[in-house]
Amino acid sequence: LLSFHIFMEKSKSFIRSIFTHADGIDILLMIIGFIGAVGDGLSTSVLLFITRMLMNNIAGGSTSDPVVFRHNIDRDAVILLYASCGFWVACFLEGYCWSRTGERQARRMRSKYLKAVLRQNVGYFDLQATTTTEVITSVSNDTLVIQDTISEKVPNFLMNVTKFIGGNIFAFVMMWRLALVAFPFVVLLVIPGFMYARALMGLARKNMKEYNQAGNIAEQAIASVRTVYSFVGERKTMKEFSEALEGSVKLGLRQGLFKGLAIGSNGLVFAIWAFMVWYGSRMVMYHGAQGGTVYAAGIVIAVGGQ
């Protein structure tokens, strides 16, 4: 329990450190982007909820009054149109606000990082063994990673969490029996994603070390290019550089393997969908459920689990 508490405290401090350089405008952009990400996550569930009414009305059109049938179809179509326009605005706000604040915070972070490095004494670079390559790599790569986290990863995380929670809520509202039966199978879709994310983080750290080693070799060769050329050391330098990159190639292959397994595991959606179709057919036969409701509830559960 104590280790879990320490882990949570470290996670909170890490999350706070990402947004340390945000000002008032960035906070406003993140709030608007948060609302847009939540709207984007709920878009599929809401649209399928409206589509359920539309499909049920179409299915019962042959037995209903023509005037009532036309009124219901027109009403559902208008609601679907308004909802689509609203979610288009939400998606635009999500993409624009998070990208804009990510660019602003990364630019401010690069400036402060470079100023902090330039303020150091000469002895800092000797004692810390900091090279020009490491400074340039840290300024460019690390800030790009943080910018990508703020611009892409954070809104995608918010959108996926909202999609999962909202999808299950809408599924329980539409057909709670089907949602209750299918909910345990959703775990089979969530676990591979967590495993892939954990493996990817470890491989990314190792890959960064390999690239830094290759960058040091290239920097030393370029800084003393006359000496390398005088002693005919081009082949030796190229060999050392290639050997330094072999580790990153192997890590890239492992990363691709984990990614392929994670993406391939999404094929479980079809097996879960097949089970929900079978159970939904029994709901239609013995409990009087409507086909549009079965279809919408099943799709919402499958999409939310992904």
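Any read-out appearing in this document is the output of simple, stated calculations on the displayed coordinates, not a laboratory observation. Owing to the predicted nature of the structure, the values given are computational and were not obtained by experimental measurement. As a convention, Cβ positions derive from the backbone with ideal geometry for all residues, glycine included, and neighbour counts pool all protein chains shown.
If you find the alpha carbon centre of the stretch 173-193 and of the stretch 236-300, how far apart are they in angstrom? Going from one Cα centre to the other spans 15 Å. Here the stretch 176-288 is described by how far its Cα atoms reach on the three principal axes: 88, 18, 13 Å, from widest to narrowest. By the count of neighbouring beta-carbon atoms within 10 Å, fewest first, C85, C91 end up ordered C85, C91.
Select from M238, A199, W176 the residue farthest towards the positive end of the dipole of the stretch 176-288; place +1 on Cβ of Lys and Arg, -1 on Cβ of Asp and Glu, and compute about the Cα centre. So the residue furthest toward the plus end is W176. Per-residue Karplus couplings for the stretch 259-268, computed as 6.51 cos²θ - 1.76 cosθ + 1.60 with θ equal to phi - 60°, are listed in order as 5, x, 5, 5, 5, x, 5, 5, x, 4 Hz, Gly and Pro entered as x. Only one residue of G260, I217, H287 has its Cα farthest out toward the positive end of the dipole of the stretch 176-288, where Lys and Arg carry +1 and Asp and Glu -1 on Cβ, and that residue is H287. Magnitude of the charge dipole for the stretch 157-306, about its Cα centre and with charges confined to Cβ atoms of Lys, Arg (+1) and Asp, Glu (-1), is about 140 debye. Footprinting exposure proxy ranking of K115, K163, fewest other C-beta atoms within 10 angstrom first, gives K115, K163.
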